Amino acid sequence: MDRDDSMSSARRRWSVAALLLLGAALYLVHRSREPDARRLPSSRQETSREEAPREATSRRASSEPPASTGSTVLAAAIDDLPVIGPSPGDRHDGPAHPHPITQRHVEIQHENGLIGLLNDAMSARNGARMRELVHEYRRTHPGDPNHLQDGYEIIADCLDAPGEASRAAAEGYYAEHRASTVRRFVRRICLEGG
């Protein structure tokens, strides 16, 4: 009888532990479905209905890179947000830019936008669009230390005129520019025919 009592006592302990775990899990699920009063509102929730049309008109079409402006634009002018100062005494309440947006930041954003559009045109196998974008890239960003412009132009050649000349150019690029981020696409599209 001792053995039966110890087994039933162990079963009771396991049952109680299982019920406690189940209760804790149900509590957490129930709590996660309740709105949390302590949660800060997101920036979308803070936006008033009057600001929504301004937001919609400021969005660019997906086929345009971010504009590269000739003037030095600070963050205060971009998105109408102030720049946070570096000292602890500066006000840090509400949305703000952590640092000023300089002309170099705007140029980098424009270049990244062009690269994104080039990648989209490459994915669509649109060599003509790639040529237009490479022309724009060369015009607005003449210094190209990573030789990305050359790589994209070679890919456009492979898409528009596959053959020995484009393959030879691709092999040369692939052999010479080992650290290029475009190198894998040159291999995939020009050398492997993908």
Label-point separation in nm, A168 to R91, each point 7 Å along Cα→Cβ: 6.7
Phi-based couplings in Hz for the stretch 27-32 (Karplus 6.51, -1.76, 1.60; Gly and Pro marked x): 4, 5, 5, 4, 5, 5
All Cα pairs of the stretch 145-193, percent lying beyond 11 Å: 58
Within the stretch 106-129: backbone nitrogen closer than 20 Å to the T140 label point (7 Å, Cα to C-beta): 106-124, 126-129
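Which of the peptides 114-127, 88-101 is most tightly packed, and how do the rest follow, judged by the mean count of other Cβ atoms within 10 Å per residue? Please list the in-between numbers first.
Working: 114-127: 17.4, 88-101: 11.0.
Highest-to-lowest ranking by the protection proxy: 114-127, 88-101.
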Phi to ³J(HN,Hα) by Karplus 6.51 cos²θ - 1.76 cosθ + 1.60 over the stretch 157-170, Hz, x for Gly, Pro: 4, 5, 6, 7, 9, x, x, 5, 5, 5, 5, 5, 5, 5
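From the Cα trace of the stretch 96-194, what convex hull volume per residue do you get, rounded to a whole Å³? It would help to have the intermediate numbers written out before the result.
On the way: hull volume 10.9 nm³, N = 99.
Here the figure is 110 Å³ per residue.
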In sequence order, calculated HN-Hα J values of the stretch 102-112 (Karplus, 6.51, -1.76, 1.60; Hz; x Gly/Pro): 8, 4, 5, 4, 5, 5, 5, 5, 5, 4, 5
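We did not get these values from a lab; they are worked out from the coordinates using the rules stated. Keep in mind it's a predicted model, so treat the numbers as computed, not measured. Methodologically, a virtual Cβ is constructed for each residue, glycine included, from the backbone with ideal geometry; neighbour enumeration extends over all protein chains shown.
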